[in-house]
Amino acid sequence: MSSRSIHIANSITSAILSGRLKPGTKLGERELSEIFLVSRAVVRQALIRICEGGLVVIERNRGAFVAKPSLQECIEIYDTLTLLEQGVAQLLSRRFGMVEGLNDLRQHIEYQKKAVRENNNDYADQLGREFHSKFVRLCRNKVMQDVHEQIARRVTTLGSLCCSVFDYSHLMEEHAKIVDLLEKNQVEELMILIDTHYRNVLRGYIMDETVYPDLPLEEALSNFVNHEVHKHENIERDALSTSSNGRIN
């Protein structure tokens, strides 16, 4: 992939993650080629690259669009996480409370509390997701870890595409209760709490499209288009002139 395609992919990704490109926005190849001053083939390469990360979908005969998660997709993702982590709880219960790593989980919760006190919600959100990854790793089941990691990546993408308002203090309290119940080997209560916890997380997503800015494509990308593309164009044009005339015109 050319450096121009990578630059375009990074620019579009940044616009999506910053909320300037809302879910469902059409990413027309012709318009993007005019904005970035490149061929449609270069734009197509960039869109395919972003599509692999889940932020963009390419529909046959329709083109590329910023991915638009549905409420049903959100529910299915968190239902899957619930079932996976309940399975982890059952596996850990067979160790009769002798689970290593509980102190690490408690320390992780303290880091999240500090992030919340400092109003660093992005970091608190990241730490919240990492708590669940650490919880799953306690079972030492590589297959289960891999599946959980795959779903966790979809959660990260979901967070990039949907606005959300989470009660981090309450979610952290539930994290602490998860550790306490795990230590006491109260597996039934733990499984109920995991289900409750993810339902609370799910309620934090805002699926109302009016919360997103509705900007023209060129305006939405204006902050992310720099002079790199023009620099490449000038270098190529100068090189062509040099090879044709023996000097720079």
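The values are calculated or read from the model by the stated rules, or taken from the named source; none is laboratory data. Predicted model, so just to flag it, every value in this text is computed and none were measured. So basically every Cβ, Gly included, is an ideal-geometry build from the backbone, and we count neighbours across all protein chains shown.
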*Which residues, taken from the stretch 1-43, are surrounded by fewer than 17 Cβ atoms within 10 Å (Cβ to Cβ) and part of a helix (DSSP H, G or I)?*
S3, I6, N10, S14, L17, R30, E31, E34, R40, A41
*the stretch 50-74, subset in contact with a strand residue (DSSP E or B) (Cβ under 9 Å, 6 or more places away or on another chain) and part of a helix (DSSP H, G or I), residue surrounded by the fewest Cβ atoms within 10 Å (Cβ to Cβ)*: L71
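This table checks each residue for (1) outside the structural domain of S164 (by TED's automatic domain parsing); (2) surrounded by fewer than 16 Cβ atoms within 10 Å (Cβ to Cβ); (3) of a type in the set (K, R); (4) within 22 Å of E188 (Cα to Cα).
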| site | (1), (2), (3), (4) |
| --- | --- |
| E76 | no, yes, no, no |
| T80 | no, no, no, yes |
| A89 | no, no, no, yes |
| L92 | no, no, no, yes |
| E100 | no, yes, no, yes |
| R106 | no, yes, yes, yes |
| I109 | no, no, no, no |
*Hey, can you tell me all the residues within the stretch 109-142 that are within 22 Å of the chain's Cα centre (by Cα) and closer than 19 Å to R94 by Cα?*
K134, F135, V136, R137
*Does A115 satisfy the condition of being outside the structural domain of T196 (by TED's automatic domain parsing) and in contact with a Leu (Cβ under 8 Å, 6 or more places away or on another chain)?*
no
_Conditions (1) at pLDDT 95 or above; (2) over 23 Å from R95 (Cα atoms); (3) over 21 Å from the mean Cα position of the chain (by Cα): number failed by V201_ = (3)
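For R94, indicate whether it is more than 28 Å from L47 (Cα to Cα) and basic (K, R). Working first, answer last.
Numbers: more than 28 Å from L47 (Cα to Cα): yes; basic (K, R): yes.
When the stated conditions are applied, R94 passes them.
Among the candidates V165, V147, V187, single out the residue that is touching a residue at least 12 places away in the same chain (Cβ under 8 Å) and closer than 24 Å to K114 by Cβ.
It is V165.
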